[in-house]
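Okay, so here's the structure we're looking at.
The values are calculated or read from the model by the stated rules, or taken from the named source; none is laboratory data. Predicted, not measured: the structure shown is a model, and the values here were computed from it. Cβ placement follows ideal geometry from the backbone for every residue including glycine, while neighbour counts extend to all protein chains displayed. For the accessible areas, the whole protein counts, side chains as well, though only heavy atoms, and no ligand, DNA or RNA atoms are used. Shrake-Rupley method; radii C 1.70, N 1.55, O 1.52, S 1.80 Å.
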Amino acid sequence: LSIFSQEYSLGMYLLKIAKEINPDILIVVGGIHCYVAPESVINSKAVDFMCLGEGEVVFEKLLKSLEGSASYAEIKGLWFKKDGKIMKSLQDKYVDLNKIPFLDYSEYDERQFIRPFNGKVYRSADISLTRGCFERCIYCLHDKIYQTYNSCNIRKYGIDRFIAELEYLTKKHQLDFIRFQDSSFLNVSEEYLTEFSKKYIDKISLPFVIDSTPQSITYNKIKCLKKMNCESISIGIETGNEFYRKKYLNKMATNEQILNAYKIIHKFGIRTVGFILLGFPFETRDLIFETIKLIRETRVCVPNVGFVYPFKGSKLREIVIKNKLFDESIETNNSPQYSRNCLAIRNPNISKDEYKGIYRTFLLYCKLPERYYPDIKIAEKFDTKGNKMYKKLRDLYVGKKLYNEYLC
């Protein structure tokens, strides 16, 4: 089982059932949650082995050891139980991306490949060209990965190796769309991307979407992506106040860089998404409207809004606990009670109900002219008048098909 923190409680519950059905089954757990809470994972009665770090090589060595050809006690990055004790081994280096096997999606239900995007339905799958991120956002856990390996390298596949895997996956699963899951797909040089684009166009040429950062957007890179058939680029804005973004989120992109990035992308006619997070500590309503103002200036096609969560191991969690803005008791079995549309961090400046109202009207504030703002403010309220106004404005949004457009 590979788990994120928000899936931990469910994962342990399912593994417990597996053990009850067959006590002899061996259970291995890995994933990002293991970086931040390894002790709680390995101490679970259902868990026999835990991988701390990248698992491709660890898992292969474990399988061979279980066949009797080696001892798993010597496997770097593998924790296990022996005679009532926890045996620990830290990872010593990253895996060589070019030596790991191709992704194997053969066990997935066929329906997992059927996905909607921008009004159409495709056969799509996920893959990453790179691993790592140069940013150190306080709500992210890349630092925990870097601490495990004592290295913060951003790694990428060899181009021929990666193209070969794409050819294999697209043919085997009849894919007609690709979702790149890199933290920032453009964390590569223009030279690398130029060479990659030529071979992608020649061998693959499927439409795709990526995530990126404002700092990594250049005219030449976006020109390459356009030729490659890139359909959409998502960028993390998070909040519109530059000072707040740098001081409290540790995100170094300036508003000028954000505006310039979207300007370049729109010049090539590529759809854009902006990731927005609400609910950061010390946030105010004015700060939120600075974010809305920045979005309106960027003309990002799809503002994607949600609430931030202080995951275990993140610097954000340290801050909110220190300032008594987060109650850890809401978590069970080390699993956050996370939902993208629910506030997690207490804020003395904005009530929970006000946050709920801002969340449901956020796109309306972004996409409609400012003359609608008094009506949108009414629509923030979850009473009869507010719900009626929200339906009226939502119908306007749908009727004008503002999914990728602005009325203002």
(request) May I ask you to say which residue of Gly306, Gly274 is within 30 Å of Ser40 (Cα to Cα) and small (Gly, Ala, Ser)? (result) Gly306
(message) Can you say whether Tyr262 is surrounded by 18 or more Cβ atoms within 10 Å (Cβ to Cβ) and of a type in the set (Phe, Trp, Tyr), as far as the supplied structure shows?
(response) yes
(request) Select from segment 239-253 the residues that are without any contact (Cβ under 8 Å) to a residue 40 or more places away in the chain and open to solvent by 10 Å² or more (accessible area, probe 1.4 Å) and list them in ascending order. (result) Glu242, Phe243, Lys246, Lys247
(request) Filter segment 44-58 down to residues that are open to solvent by less than 50 Å² (accessible area, probe 1.4 Å) and assigned to a loop (DSSP other than H, G, I, E, B), then give me how many there are. (result) 8
(request) Could you list all residues from segment 294-326 that are open to solvent by 50 Å² or more (accessible area, probe 1.4 Å) and more than 21 Å from Leu10 (Cβ to Cβ)? (result) Glu297, Arg299, Asn304, Lys315, Glu318, Ile319, Ile321, Lys322, Asn323, Lys324
(request) Kindly check whether there is at least one residue in segment 337-357 that is over 26 Å from Gly386 (Cα atoms), open to solvent by less than 40 Å² (accessible area, probe 1.4 Å) and in contact with a helix residue (DSSP H, G or I) (Cβ under 6 Å, 6 or more places away or on another chain). (result) no
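So that you can scan it fast, the table gives a plain yes or no per residue for (1) of a type in the set (Ser, Thr, Tyr); (2) under 20 Å from Glu318 (Cβ atoms):
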residue	(1), (2)
Ala125	no, no
Ser128	yes, no
Phe134	no, no
Tyr139	yes, yes
Lys144	no, yes
Asn153	no, no
Ile159	no, no
Ala164	no, no
(request) Would you point out the residue of segment 64-88, among those that are open to solvent by less than 20 Å² (accessible area, probe 1.4 Å) and in contact (Cβ under 8 Å) with a residue 12 or more places away in the chain, that is nearest to Cys152 (Cα to Cα)? (result) Gly77
(request) Can you tell me which residue within segment 249-266, out of those that are part of a helix (DSSP H, G or I) and touching an Asp or Glu at 6+ places or on another chain (Cβ under 8 Å), is farthest from Ile233 (Cα to Cα)? (result) Leu249
(message) I'm checking my understanding of the structure. Among residues of segment 100-123 that are hydrophobic (A, V, I, L, M, F, W, C) and within 30 Å of Lys312 (Cα to Cα), which one is nearest to the chain's Cα centre (by Cα)?
(response) Leu103
(message) Given (1) touching a Pro at 6+ places or on another chain (Cβ under 7 Å); (2) open to solvent by 80 Å² or more (accessible area, probe 1.4 Å), identify the lone condition not met by Asp104.
(response) (1)
(request) Please note which strands (runs of 3 or more DSSP E) are completely contained in segment 108-203 and include at least 1 residues that are in contact with a helix residue (DSSP H, G or I) (Cβ under 8 Å, 6 or more places away or on another chain). (result) 120-127, 177-180
(message) Any residue in segment 127-152 that is touching a residue at least 40 places away in the same chain (Cβ under 8 Å) and under 20 Å from Leu97 (Cβ atoms) sitting within a Cβ distance under 9 Å of a residue that is assigned to a helix (DSSP H, G or I) and of a type in the set (D, E, K, R)? List the pairs, counting only those 6 or more apart or interchain.
(response) Ile127/Glu165
(request) Kindly list, by first and then second residue, each pair from a residue in segment 1-25 that is more than 18 Å from Ser335 (Cα to Cα) to a residue that is crowded, with 17+ Cβ neighbours inside 10 Å, limited to pairs with Cβ atoms under 6 Å and residues at least 6 apart or on different chains. (result) Lys19/Ala46
(message) So Lys61 ticks every box in (1) of a type outside the set (A, V, I, L, M); (2) without any contact (Cβ under 8 Å) to a residue 24 or more places away in the chain; (3) open to solvent by 70 Å² or more (accessible area, probe 1.4 Å); (4) farther than 28 Å from Asp143 by Cα but one. Which box is left unticked?
(response) (4)
(message) I need every pair where a residue in segment 314-333 that is within 14 Å of Ala344 (Cβ to Cβ) has its Cβ under 9 Å from the Cβ of a residue that is open to solvent by 70 Å² or more (accessible area, probe 1.4 Å) and in a helix (DSSP H, G or I), sequence separation at least 6 or different chains.
(response) Arg317/Glu328; Ile321/Glu328
(request) Looking only at segment 150-163, decide whether some residue is of a type in the set (Gly, Ala, Ser), over 22 Å from Leu225 (Cα atoms), open to solvent by 10 Å² or more (accessible area, probe 1.4 Å) and at pLDDT below 95. (result) yes
(message) Given the criteria in contact (Cβ under 8 Å) with a residue 40 or more places away in the chain, crowded, with 17+ Cβ neighbours inside 10 Å and charged (D, E, K, R), does Arg285 qualify?
(response) no
(message) Just checking, does segment 34-43 include any residue being surrounded by fewer than 18 Cβ atoms within 10 Å (Cβ to Cβ), modelled with pLDDT under 90 and not in a helix (DSSP H, G or I)?
(response) no
(request) From the list Asn404, Asn333, Asn387, pick out the single residue that is touching a Cys at 6+ places or on another chain (Cβ under 9 Å), farther than 19 Å from Thr239 by Cβ, polar (S, T, N, Q) and surrounded by fewer than 19 Cβ atoms within 10 Å (Cβ to Cβ). (result) Asn404
